[in-house]
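One structure is given below, encoded as C-alpha cells.
The values are calculated or read from the model by the stated rules, or taken from the named source; none is laboratory data. Remember, it's a predicted structure, so these values are computed and weren't measured experimentally. Backbone-built Cβ (ideal geometry, glycine too); neighbour counts: all protein chains shown.
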Amino acid sequence: MDDPATPPVDAEAARSGLSLQRLARHSPKSVLVLWLSAIAVVLSLGGTTRSTADVEALLPVAHRSPSGEPLILLELAPDTTDASTDTLLGAAAAITERLPDERVPLAPPSGEAAAWFDAHALYLMPDAALAEIGARFSDAAMSDAISGLRARMSSPLFGASGEEPRRDPLGLHELVQSNVGRFTSDRARATAAGDLLAPGGLAVLVQLRSTRDPQAVLADVRGAVVGMPVVASL
C-alpha cells in the first residue's frame, strides 16, 4: 500500500511563522541581543573555564605552581657591572631573614642532595662502569694502591698535602665523579638554601608560602633587597 501523500504546506502559514532571516532583516538589534544572551548562558554554564593572562595558564594543571606559593625571580640589575652570583645569593638570604615564616625551599639543599648521591652513587652507575669498579677491587689493584700510598706517606711533605689516606684509598669517588654527567644536566641547580640558581648564575628562583596578597608579598621582598643591584619580580 502506498504511503499517503504529504499534505501541502500552507504558504501563508509558512510566511506567518517565525523566521530568523526575516527577523534579522526587520530588527537586527533583536537578533544581536539573542546571540549575546546565548553566549552569556554558555559562559555561565562553563564555570570551570577561566581566561587569564598568567603564563602558567599555558601549562597543564598538574604542572602549575600550587596556589598560595608565589615564586620570586631575582635577577641582576641590567646596569650592574660588578655584581655576581654571590649578590643574588645574598639577596635570597635577605628575603629569608625578612620573611622567615613564608620562605620555603624550592629544591633539596645542595648539601643534602650531594650526601644522598654519595650514599647511592654506586647503585646508579652505568653497567659499562661496573667492570672498572670490579677491577679496582682486584688483588693487584689494591696492592698497587697500598704501595703508592706507602710511598706518598714516606715523603716529608705528605703532612702538608692535605691527603686523607683513610678516605677512598681506591679512588672510587673519582670514578663516580667521572660518570656524574649521566645524572646531572645543565639546567638550574639548587643552592645551599634550597633555591634554584640559573645555569649562568644570573638569576635565582625563591619560593614563598603565603596567604597574603601577592602584591603585599612582593613589596616585602623588594624591601628586603633594597639597596642591592637586584631586580625582584613575582
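Quick notes on this structure:
- Of all the criteria given as (1) exposed (fewer than 13 other Cβ atoms within 10 Å of the Cβ); (2) part of a loop (DSSP other than H, G, I, E, B); (3) assigned by TED's automatic domain parsing to the domain that holds R103, the one not satisfied by E164 is (3).
- Scope region 58-88; condition assigned to a helix (DSSP H, G or I) and at pLDDT below 70; matching residues: A62, H63
- Evaluating V226 against the criteria (1) of a type in the set (V, I, T); (2) assigned to a loop (DSSP other than H, G, I, E, B); (3) in contact with an Asp or Glu (Cβ under 6 Å, 6 or more places away or on another chain) leaves one unmet condition, (3).
- Check on A145, surrounded by 13 or more Cβ atoms within 10 Å (Cβ to Cβ) and in a loop (DSSP other than H, G, I, E, B): no
- Boolean, A107 is buried (at least 17 other Cβ atoms within 10 Å of the Cβ), in contact with a strand residue (DSSP E or B) (Cβ under 6 Å, 6 or more places away or on another chain) and either free of Cβ contacts under 8 Å to residues at least 60 places away in the same chain or part of a helix (DSSP H, G or I) (or both): no
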